[in-house]
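Engineer: Below is one structure. I have some questions about it.
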Amino acid sequence: MLTKLAPLALACALAAHTAAAQTATPLPRLESREGHHALIVDGAPFVMLGGQVNNSSNYAEPLKTAWPVLDAMHANTVEVPIAWEQVEPVEGQYDLSFLQDLLDQARAHDKRVVLLWFGSWKNTSPSYAPAWVKLNNARFPRMKDQQGKDHGVLSPLFPATMEADRRAFVKVMDYLRDHDRQNTVIMVQPENETGSYRVPRDFSAEGNRLFAQQIPAALARKTGKSGTWTQAFGAQAPRAFNTWYVASYVNALAQAGKTVKALPMYVNASLAGPSNVPDPTGVASGGPQWDVLDIWKAAAPAIDLAAPDIYDRASGNVIQYLDKYTRPDNALMVPEIGNAKEFARFFWPTIGRGGIGFSPFGMDASGYFNYPLGARALDSKELAAFALPYATVSSIMRDWAEIAATRPTWGTAKPDNGSDQSVTLGAWTITASWGQWQFGMKDWTWIKADPAPWASEPVGGMAVAQLSDHEYLVMGDHVRVSFSPADKRDDGMVVSVEEGTFRDGKWVTARVWNGDQTDYGLNLIDRPQVLKVTTGFYSGKPR
Ligand code: DGJ
């Protein structure tokens, strides 16, 4: 039904098709059409309701602590690292036993897996590379700074490093091809938060030689720029240069991995602000920041999407990040977001933008917490904040994913200033307001009421899909949703509000909301509810 975005996607899909013929289930793939994206899993659109485990939970025992957490939050997918140092502790000797443990445990707990390859870059550092790589600077050179001193980060410019990393990564993909015919692993992230802090490019002799050259033809075509790096990119040239070489390196891994098993592959970004063009020395230079996505797209066609790791608690910034990574050539996915409860509300604007997945970070019970990025502790309140939207969407996950791939959708979260948020879809404006009881209006003076307990909390969000000219699907929590005619005509009405679900792709009504349940907007507070709203105009006249 959906067509492919680009020739490479088509080639991947053909490869996927060939592989699918030999496997038990069709290969997962990403499909895009007219600005909509879908992650296809087992042959149908899928929304990743994810949780990422802590960094050192990539061993059989700590991994066991993740499943109760993931079950409690109604996750369908776990994101788990596998480290180059554990796969190839001795050069040329491979140990894939953790991967088998991961597949076994995930299948036993009915979860899909997004596999994170911690190789040459982990938060820019080579900390997860094997000791035989880390300790051999002659063979695997680090970047040089402006003074010619070694920087901690591996240089992306030396083929020996890329080839060694790629060899190990391909072993992982070989293992998946041979031992994961049912595609428990649905996506792969080669490397983690690439780039380098403080030193924007490799200032070695080789780095300087390459930096003096003309920019690559593919980059010139994509950006319309020409000349040397400095001529083309000015003050951002060192960063543009490093971005090109890091992206090309990661692309080499992804391409080789996809030749073995053509799973969707993505990269994640350490973010440096939602609207400023970053100082090249104050950002993970080379990583897939929103402002260098075109460089990544040109250098890394084997990467399906770039994704933001969100630890910023300012609601306006989060929304800007979501907008920046939602593009016709880039499906939105949030592979990491803080696990404090205030981050849960951003699930709604993510899926409302057609996002294919969402995953708070640190979702296991290994006892580690990355506060102040995330929660101080994963207590039941934090978990419940993620569990509610996940439970809501998981009840109709396949249907929502199919709808989001084809129909207009929108989503929002309570902003820090608590202001109403609205959208116009078709003939109707849909408004989300926050912090109200289910009954009554906040401007009533004839009766006194205490504020709702959640009124001062950073909770609340909603997503809506326009199903037809007059029908809308609505989900959310801690929100009041109101419908009004977009052109303010006075004969508009909500004709019916059905709470229900989809069964075999067909809407099934469990009850009709009316009276108190609809007189003061549609109040979705603390339980998973899916509504189908039918609107109409009683004068019968079309708009
Ligand atoms: C972002 C990284 O991608 C994660 O692996 C982790 O280090 C978090 N930052 C911080 O907990």
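The values are calculated or read from the model by the stated rules, or taken from the named source; none is laboratory data. Bear in mind that the values here come from a model prediction, so they are computed numbers and not experimental data. No Cβ is skipped: glycine too gets one built from the backbone with ideal geometry, and neighbour counts run over all protein chains shown. For the accessible areas, the whole protein counts, side chains as well, though only heavy atoms, and no ligand, DNA or RNA atoms are used. Shrake-Rupley method; radii C 1.70, N 1.55, O 1.52, S 1.80 Å.
Engineer: For the stretch 441-453, what does the Karplus curve 6.51 cos²θ - 1.76 cosθ + 1.60, with θ = phi - 60°, yield as ³J(HN,Hα) per residue in whole Hz, taken in order and with x for Gly and Pro?
Structural biologist: 10, 6, 8, 5, 10, 6, 9, 8, 9, 5, x, 4, x
Engineer: Aspartates and glutamates near residue 149 by alpha-carbon distance under 20 Å, same-chain residues fewer than 8 away left out - which ones?
Structural biologist: Straight-line reach from residue 149, under 20 Å: 202, 206.
Engineer: At 1.306 mPa s and 10 °C, plugging the Kirkwood radius over alpha-carbon pairs of the stretch 413-537 into Stokes-Einstein gives what diffusion coefficient in µm²/s?
Structural biologist: Estimated via Stokes-Einstein, D reaches 105 µm²/s.
Engineer: For the stretch 413-537, what is the accessible area per residue in Å² when the probe is 1.4 Å?
Structural biologist: I get 50 Å² per residue for this part.
Engineer: Roughly what % of DSSP beta bridges within the chain run antiparallel, to the nearest 5?
Structural biologist: Beta bridges within the chain, antiparallel portion: roughly 65 percent.
Engineer: Please name whichever of 465, 154, 60 sits farthest to the positive end of the charge dipole of the chain, dipole taken about the Cα centre and charges placed at Cβ: Lys and Arg +1, Asp and Glu -1.
Structural biologist: The one lying farthest along the dipole's positive direction is 154.
Engineer: Moving on. If I take every Cα pair under 8 Å that is 6 or more residues apart in the chain, average their sequence separation and divide by the length, what percent do I get for the relative contact order?
Structural biologist: This gives 14 percent for the chain.
Engineer: Mind scanning 64/171; 134/171; 225/297 and naming the pairs with a C-alpha gap bigger than 22 Å?
Structural biologist: 64/171
Engineer: Moving to a separate point now. Excluding same-chain residues fewer than 8 positions from residue 488, which lysines have a Cα within less than 23 Å of its Cα?
Structural biologist: Counting by Cα, and skipping residues close in sequence, residue 488 has these lysines nearby: 442, 532, 541.
Engineer: If packing is taken as the mean number of other Cβ atoms within 10 Å per residue, what is the order of 100-111, 401-412, highest first?
Structural biologist: 401-412, 100-111
Engineer: Would you mind checking the radius of gyration and Dmax of the stretch 178-336 based on alpha-carbon positions, in Å?
Structural biologist: Cα only, the stretch 178-336: 16.0, 50 Å (Rg, Dmax).
Engineer: Could you work out [θ]222 nm for the chain from helices alone, using -39500 (n - 2.57) per DSSP H run of at least four and dividing by all its residues? Round to the nearest 500 deg cm²/dmol.
Structural biologist: Value at 222 nm, helices only, nearest 500: -8500 deg cm²/dmol.
Engineer: Compare the peptides 44-52, 294-302, 173-181 by average per-residue count of other Cβ atoms within 10 angstrom and give them in order, highest first.
Structural biologist: 44-52, 294-302, 173-181
Engineer: Here's something else I'd like to know. For residue 324, give me every one of the aspartates and glutamates with a C-alpha distance below 14 angstrom, ignoring sequence neighbours fewer than eight places off in its own chain.
Structural biologist: 291, 294, 309
Engineer: Suppose each label sits 7 Å from its Cα in the direction of the beta carbon; what would the residue 314-residue 59 distance come out to in nanometres?
Structural biologist: Using points 7 Å along Cα→Cβ, the separation is 4.0 nm.
Engineer: While we're on this one: What ³J(HN,Hα) values, in whole Hz, does the Karplus curve 6.51 cos²θ - 1.76 cosθ + 1.60 give for the stretch 166-173 when θ = phi - 60°, with x put for Gly and Pro?
Structural biologist: Values per residue, Gly and Pro as x: 4, 4, 5, 4, 5, 4, 4, 5 Hz.
Engineer: Calculate log10 I(q)/I(0) of the chain for q = 0.07, 0.10, 0.11, 0.12 Å⁻¹, where I(q) comes from the Debye formula with a single equal point scatterer on each Cα and nothing for solvent.
Structural biologist: The computed values of log10 I(q)/I(0) come out as -0.41, -0.82, -0.97, -1.13.
Engineer: Heavy atoms only, probe 1.4 Å: what % of the accessible area of the stretch 384-543 goes to carbon and sulfur, would you let me know?
Structural biologist: On the stretch 384-543, the fraction of accessible area on carbon and sulfur atoms equals 51 percent.
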